[in-house]
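Enquirer: Below you will find the structure I want to go over with you.
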Amino acid sequence: HSFPTRRSSDLNLNFIFQGIFSISDKTSNGVYKFFADIGYADLEKMNLSKFGIKRISGQINANYVNVERKDLIGDLDLNNLVLENDLGTCQVGDICMKSHSSDNIYRMNITSDILTANYVGDKPLTSIAGDIMQLTVQRDLPALLTKAYDSWHGEKYSIEASLHDKKNIINSIFPGLYVADSTSLNFGVQANGSVRANLRSPRIAKGRNFS
């Protein structure tokens, strides 16, 4: 199926959207390819403003498969992304996200002017939150939970992320929050169930609180 080209020249939303999609009745897998050029979107006037971000602009180019309506495999590019809030205009630039799977190993990477991140695991990234809760809070502090998470079955995960925020974009998006350039995070779950995390940063600050 193809989406008819959609255009909007509203005062609060100026965009062009076009694309195609296909959904399998047997597997529930969906294929999506679309492009959107958002010339101007006033999130505040459309009651969609989050984290103080009031206006956005940029392009979206997507080519991905939605596996069983939950896992995303493919590419998603955000180009020329610009955010506006009370502090002014923030030129975020390009963000490229790629997700692939082979031999039951899932990989995802994000590249941008402010962040580089890589994920490798036995499950899609969208599926590991329950395992992490089961291996940490549920195992050591079960009284804090209101529900039980499914048992972990030996899957391994690894996440590496590094910040390159030389223009202090994070503070522009989240006023009062400062995370120094070259901050890095390494997180992993091993086959024996151990969970490791290593955060390195010259400085992280929120208001007057910092480390």
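The values are calculated or read from the model by the stated rules, or taken from the named source; none is laboratory data. Predicted, not measured: the structure shown is a model, and the values here were computed from it. Heads up, the Cβs are rebuilt from the backbone with ideal geometry, glycines too, and the neighbour counts pull from every protein chain shown. Side chains included, ligands, DNA and RNA excluded: accessible areas come from the protein's heavy atoms. Shrake-Rupley method; radii C 1.70, N 1.55, O 1.52, S 1.80 Å.
Enquirer: When you go through Gly176, Gly154 one by one, which is the residue that is under 24 Å from the mean Cα position of the chain (by Cα) and on the phi > 0 side of the Ramachandran plot?
Expert: Gly176
Enquirer: For the structure I just gave you, tell me whether Met133 is in a strand (DSSP E or B), open to solvent by 40 Å² or more (accessible area, probe 1.4 Å) and aliphatic (A, V, I, L, M).
Expert: Here the answer is no, as Met133 does not meet what is asked.
Enquirer: Among the residues that make up the stretch 173-189, is at least one of them surrounded by 12 or more Cβ atoms within 10 Å (Cβ to Cβ), free of Cβ contacts under 8 Å to residues at least 40 places away in the same chain and in a helix (DSSP H, G or I)?
Expert: No, the stretch 173-189 contains no residue that is surrounded by 12 or more Cβ atoms within 10 Å (Cβ to Cβ), free of Cβ contacts under 8 Å to residues at least 40 places away in the same chain and in a helix (DSSP H, G or I).
Enquirer: Report yes if some residue within the stretch 138-156 is touching a residue at least 60 places away in the same chain (Cβ under 8 Å) and open to solvent by less than 40 Å² (accessible area, probe 1.4 Å); otherwise report no.
Expert: No, there is no match, as no residue in the stretch 138-156 is touching a residue at least 60 places away in the same chain (Cβ under 8 Å) and open to solvent by less than 40 Å² (accessible area, probe 1.4 Å).
Enquirer: Hey, another quick one. Name the residues in the stretch 25-51 that are more than 24 Å from Ser9 (Cα to Cα), in a loop (DSSP other than H, G, I, E, B) and under 22 Å from the mean Cα position of the chain (by Cα), would you?
Expert: Asn29, Phe51 - these are the residues of the stretch 25-51 that are more than 24 Å from Ser9 (Cα to Cα), in a loop (DSSP other than H, G, I, E, B) and under 22 Å from the mean Cα position of the chain (by Cα).
Enquirer: Name the single residue that is modelled with the lowest pLDDT among those in the stretch 52-71 being assigned to a loop (DSSP other than H, G, I, E, B) and at positive phi.
Expert: Among those residues, the one meeting the criterion is Arg69.
Enquirer: Output yes when any residue across the stretch 72-92 is under 26 Å from Phe187 (Cα atoms), in a loop (DSSP other than H, G, I, E, B), over 21 Å from the mean Cα position of the chain (by Cα) and not aliphatic (A, V, I, L, M), and no when none is.
Expert: So far as the stretch 72-92 goes, no, none of its residues is under 26 Å from Phe187 (Cα atoms), in a loop (DSSP other than H, G, I, E, B), over 21 Å from the mean Cα position of the chain (by Cα) and not aliphatic (A, V, I, L, M).
Enquirer: Within the stretch 68-106, restricting attention to residues that are basic (Lys, Arg) and touching a Gly at 6+ places or on another chain (Cβ under 8 Å), which residue is most open to solvent (accessible area, probe 1.4 Å)?
Expert: Arg69
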